[in-house]
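J.: Below is a structure I'd like to ask you about.
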Amino acid sequence: MQQHPIEGLMSETMEQLKHIIDVKTIIGDPIQTPDGSTIIPISKVGFGFAAGGSEFSNQKKSEQEQDSEEASLPFGGGSGGGVSITPIAFLITNKQGNEIVHLHDKNHFYEKLVDVAPQAVEKIKEILEEKKSEQDK
């Protein structure tokens, strides 16, 4: 079965968007500072995509002629996409611990997650150790 022209438009647009957006766009490359700290930029990425098209026929032809040419109707279409990249924070890791520095004043879920993560890991370890000791008895 032959590929419809709109499929080609959509595939090409998605391929081009894939080249623009990768994980390094959201979580940037780590930056090492002279004091041993590591700074990782964090961004918010949004994108949109649209495609559309239409097949045209010649109204002056008879119905028999149109039926024989149904598979080769002219096609017109287009597709497009857009990307928005907004820096929102920096994750700083150093000897004192981890810290998230936001580029605006709102308190975020990610910051709370970084603060709570070590405590959550310790709690999970305790639970697993308790289970293991109960199974050994």
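The values are calculated or read from the model by the stated rules, or taken from the named source; none is laboratory data. Model, not experiment: these values are computed from the prediction. A quick note on method: Cβ atoms are made from the backbone with ideal geometry, for glycine too, and the neighbour counts reach across all protein chains shown.
J.: Kindly evaluate D29 against the criterion of being of a type in the set (D, E, K, R), modelled with pLDDT of 75 or more and out of contact with any Gly (no Cβ under 9 Å at 6 or more places or on another chain).
T.: Details: of a type in the set (D, E, K, R): yes; modelled with pLDDT of 75 or more: yes; out of contact with any Gly (no Cβ under 9 Å at 6 or more places or on another chain): yes.
So D29 passes the test.
J.: Continuing with the same structure: Quickly run through region 23-49 and pick out the residues that are over 19 Å from the mean Cα position of the chain (by Cα), surrounded by 14 or more Cβ atoms within 10 Å (Cβ to Cβ) and in a loop (DSSP other than H, G, I, E, B).
T.: S37
J.: Given the conditions (1) modelled with pLDDT of 70 or more; (2) aromatic (F, W, Y); (3) part of a helix (DSSP H, G or I), report the number of the one that Y110 does not fulfil.
T.: Only one criterion in (1) modelled with pLDDT of 70 or more; (2) aromatic (F, W, Y); (3) part of a helix (DSSP H, G or I) is unmet by Y110, namely (1).
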